[in-house]
Amino acid sequence: MTLKPHSLLAGALLAALSIPLQAQPGATAPAAGAAAPASQSVSPAAMTLGEVRRLDREAGKITLRHEAILNLDMPAMTMSFQLRPATLADALKVGDKVRFVARKEGGLFLVTAIERAD
Ligand SMILES: [Cu+2]
(Lines give C-alpha, C1' and ligand atoms only; values in the text may rest on other atoms or scores of the structure.)
Protein backbone atom coordinates (compact mmCIF):
# COMPACT_ATOMS: atom_id res chain seq x y z
CA MET A 1 0.00 0.00 0.00
CA THR A 2 2.80 2.42 0.79
CA LEU A 3 4.78 1.43 -2.26
CA LYS A 4 2.19 2.59 -4.78
CA PRO A 5 2.00 6.28 -3.85
CA HIS A 6 5.75 6.34 -3.52
CA SER A 7 6.38 5.04 -7.01
CA LEU A 8 3.75 7.41 -8.39
CA LEU A 9 5.59 10.29 -6.77
CA ALA A 10 8.91 9.13 -8.16
CA GLY A 11 7.40 8.86 -11.63
CA ALA A 12 5.95 12.34 -11.43
CA LEU A 13 9.25 13.70 -10.25
CA LEU A 14 11.10 12.06 -13.11
CA ALA A 15 8.61 13.46 -15.60
CA ALA A 16 8.90 16.95 -14.14
CA LEU A 17 12.68 16.78 -14.28
CA SER A 18 12.89 15.40 -17.81
CA ILE A 19 10.67 18.08 -19.38
CA PRO A 20 12.93 21.07 -18.73
CA LEU A 21 16.00 19.00 -19.53
CA GLN A 22 14.60 18.08 -22.93
CA ALA A 23 13.34 21.57 -23.71
CA GLN A 24 16.55 23.39 -22.86
CA PRO A 25 19.06 22.26 -25.50
CA GLY A 26 16.67 22.39 -28.44
CA ALA A 27 14.87 25.64 -27.70
CA THR A 28 17.38 27.76 -25.82
CA ALA A 29 17.35 30.85 -28.06
CA PRO A 30 13.57 31.23 -28.64
CA ALA A 31 12.73 30.45 -25.02
CA ALA A 32 15.18 33.00 -23.66
CA GLY A 33 14.05 35.64 -26.15
CA ALA A 34 10.38 35.16 -25.30
CA ALA A 35 10.90 35.10 -21.55
CA ALA A 36 13.04 38.22 -21.22
CA PRO A 37 10.53 40.95 -22.22
CA ALA A 38 7.75 39.41 -20.13
CA SER A 39 9.81 39.40 -16.95
CA GLN A 40 11.21 42.87 -17.66
CA SER A 41 7.73 44.40 -17.76
CA VAL A 42 7.24 43.73 -14.07
CA SER A 43 10.77 44.63 -12.99
CA PRO A 44 11.38 47.98 -11.27
CA ALA A 45 13.27 49.21 -14.35
CA ALA A 46 10.05 49.38 -16.39
CA MET A 47 8.21 51.37 -13.75
CA THR A 48 7.66 55.13 -13.86
CA LEU A 49 7.27 57.45 -10.90
CA GLY A 50 4.19 59.63 -10.62
CA GLU A 51 1.53 61.08 -8.41
CA VAL A 52 -2.19 60.38 -8.43
CA ARG A 53 -4.08 63.53 -9.50
CA ARG A 54 -7.52 62.07 -10.09
CA LEU A 55 -9.27 58.74 -9.74
CA ASP A 56 -12.41 57.71 -11.58
CA ARG A 57 -13.02 54.25 -10.21
CA GLU A 58 -16.27 53.70 -12.09
CA ALA A 59 -14.67 54.47 -15.44
CA GLY A 60 -11.48 52.64 -14.44
CA LYS A 61 -9.41 55.74 -15.16
CA ILE A 62 -6.57 57.37 -13.33
CA THR A 63 -4.91 60.72 -13.93
CA LEU A 64 -1.23 60.75 -13.10
CA ARG A 65 1.41 63.44 -13.06
CA HIS A 66 4.24 61.27 -14.28
CA GLU A 67 7.93 61.45 -14.95
CA ALA A 68 9.27 60.51 -18.38
CA ILE A 69 7.97 57.11 -19.48
CA LEU A 70 10.96 55.54 -21.18
CA ASN A 71 9.20 52.57 -22.75
CA LEU A 72 6.62 54.88 -24.37
CA ASP A 73 9.17 57.57 -25.27
CA MET A 74 6.99 60.12 -23.45
CA PRO A 75 8.17 63.17 -21.53
CA ALA A 76 6.93 64.11 -18.08
CA MET A 77 3.35 65.39 -18.01
CA THR A 78 -0.07 64.98 -16.44
CA MET A 79 -2.45 62.69 -18.28
CA SER A 80 -5.08 60.03 -17.75
CA PHE A 81 -4.71 56.31 -18.23
CA GLN A 82 -7.08 53.40 -18.43
CA LEU A 83 -6.59 51.02 -15.50
CA ARG A 84 -6.19 47.35 -16.41
CA PRO A 85 -7.90 45.86 -14.53
CA ALA A 86 -10.25 48.67 -13.52
CA THR A 87 -9.79 47.72 -9.85
CA LEU A 88 -6.01 48.15 -10.04
CA ALA A 89 -5.94 51.43 -8.10
CA ASP A 90 -8.58 50.58 -5.50
CA ALA A 91 -6.08 50.90 -2.66
CA LEU A 92 -4.81 54.30 -3.86
CA LYS A 93 -6.04 57.84 -3.32
CA VAL A 94 -5.45 61.25 -4.85
CA GLY A 95 -2.08 62.63 -3.78
CA ASP A 96 -0.39 59.24 -3.44
CA LYS A 97 3.12 58.98 -4.84
CA VAL A 98 3.21 55.90 -7.04
CA ARG A 99 5.31 53.88 -9.38
CA PHE A 100 3.51 52.26 -12.28
CA VAL A 101 3.84 50.36 -15.54
CA ALA A 102 2.37 52.12 -18.57
CA ARG A 103 1.58 50.51 -21.91
CA LYS A 104 0.04 51.65 -25.16
CA GLU A 105 -2.47 49.28 -26.67
CA GLY A 106 -4.80 50.03 -29.56
CA GLY A 107 -4.29 53.78 -29.18
CA LEU A 108 -5.09 53.64 -25.46
CA PHE A 109 -2.67 54.37 -22.69
CA LEU A 110 -2.97 51.72 -20.00
CA VAL A 111 -1.66 51.32 -16.51
CA THR A 112 -1.16 47.61 -15.94
CA ALA A 113 0.59 47.76 -12.56
CA ILE A 114 0.72 50.45 -9.91
CA GLU A 115 1.89 50.64 -6.33
CA ARG A 116 2.55 53.28 -3.69
CA ALA A 117 6.11 54.60 -3.84
CA ASP A 118 6.42 56.11 -0.35
CU1 LIG B 1 2.06 61.13 -20.52
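Quick notes on this one:
- Residue match in the stretch 91-110 (condition: modelled with pLDDT of 50 or more, within 16 Å of the ligand (Cβ to nearest atom) and assigned to a helix (DSSP H, G or I)): no
- Yes/no for R84 being charged (D, E, K, R) and within 12 Å of the chain's Cα centre (by Cα): yes
- Matching residues in the stretch 53-64 - criterion: being over 19 Å from the mean Cα position of the chain (by Cα), surrounded by 15 or more Cβ atoms within 10 Å (Cβ to Cβ) and within 15 Å of the ligand (Cβ to nearest atom): R53, T63
The values are calculated or read from the model by the stated rules, or taken from the named source; none is laboratory data. Nothing here was measured: the structure is a model prediction, and the numbers come from that model. Positions of Cβ are generated from backbone atoms using ideal geometry, with glycine treated the same way; all protein chains shown enter the neighbour counts.
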